[in-house]
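For reference, the structure discussed in these notes is given below.
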């Protein structure tokens, strides 16, 4: 009887250990489909992010025990992917809410610190030419150096203060309206992330440095944007109501 009870106790302990281990390292337990569902990255994508951030997170510890960098990355990616509340992320990864809060802040700071390394406009003629060739291969559109658009990033309304209403977008959600330019390989080359959700895309562009640089002729090439942007020599947008075969082909 004692042996049987000991067996049950050990089996339950192993089960708890396995569950804890699986929570801590989804690379060991999640299928590729589940990985993408929960973290919005492929397995290889997650591993690349971990490789990049691990040196920046390695020496930071949580109380007397270090939380491994790959766990910190998973916790932050889960929060970024879903804008889920800390409690849900905490339960999924088996760590406290306070730890989740600190980890998200820590990983965010590490990512922001890499901005200048990864987000940069191509400056050499070779890079510019490769980019234009990439866009031409995809769209048969010559001279393109970037595609521009805005995306709304949800915000917690509680710390926004008396001006919280300016962050409410047309869907009634508190957001930042973030302007992005990407190259032919979907690498981000320019970011403007300071405007509240109520601001229109065209207003953000016309008050950005990239607008001034193109208007002054200090940047060359063409940007592609949607119909929410004004048409410029350097900014091609679709016709709102294309009424000829040529205009329809251009807009498509």
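The values are calculated or read from the model by the stated rules, or taken from the named source; none is laboratory data. The shown structure was predicted, so the numbers you read here are calculated from the model rather than taken from an experiment. No Cβ is skipped: glycine too gets one built from the backbone with ideal geometry, and neighbour counts run over all protein chains shown.
Table for the structure above
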| quantity | calculated |
| --- | --- |
| Residues located in the stretch 179-193, provided they are in contact with a helix residue (DSSP H, G or I) (Cβ under 9 Å, 6 or more places away or on another chain) and part of a strand (DSSP E or B) | 179, 181, 188, 189, 190, 191, 192 |
| Some residue of the stretch 165-172 being under 20 Å from the mean Cα position of the chain (by Cα) and buried (at least 16 other Cβ atoms within 10 Å of the Cβ) | yes |
| Qualifying residues in the stretch 38-49 (those that are under 15 Å from the mean Cα position of the chain (by Cα) and in a helix (DSSP H, G or I)) - the one farthest from residue 110 (Cα to Cα) | 38 |
| Flag if residue 145 is touching a strand residue (DSSP E or B) at 6+ places or on another chain (Cβ under 8 Å) and in contact (Cβ under 8 Å) with a residue 12 or more places away in the chain | yes |
| Test result for residue 246, assigned by TED's automatic domain parsing to the domain that holds residue 145, free of Cβ contacts under 8 Å to residues at least 60 places away in the same chain, at positive phi and in a helix (DSSP H, G or I) | no |
| Residues of the stretch 149-164 that turn out to be touching a helix residue (DSSP H, G or I) at 6+ places or on another chain (Cβ under 7 Å) and surrounded by 15 or more Cβ atoms within 10 Å (Cβ to Cβ), as a count | 3 |
| Of all residues making up the stretch 200-243, the number that are in contact (Cβ under 8 Å) with a residue 24 or more places away in the chain and either closer than 19 Å to residue 176 by Cβ or in contact with a strand residue (DSSP E or B) (Cβ under 7 Å, 6 or more places away or on another chain) (or both) | 18 |
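Residue-wise test of (1) at pLDDT 90 or above; (2) in a helix (DSSP H, G or I); (3) more than 22 Å from residue 202 (Cβ to Cβ).
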{"residue": "77", "(1), (2), (3)": "yes, yes, yes"}
{"residue": "95", "(1), (2), (3)": "no, no, yes"}
{"residue": "99", "(1), (2), (3)": "no, yes, yes"}
{"residue": "103", "(1), (2), (3)": "yes, yes, yes"}
{"residue": "120", "(1), (2), (3)": "yes, no, yes"}
{"residue": "137", "(1), (2), (3)": "yes, yes, yes"}
{"residue": "141", "(1), (2), (3)": "yes, no, no"}
{"residue": "147", "(1), (2), (3)": "yes, no, no"}
{"residue": "177", "(1), (2), (3)": "yes, no, no"}
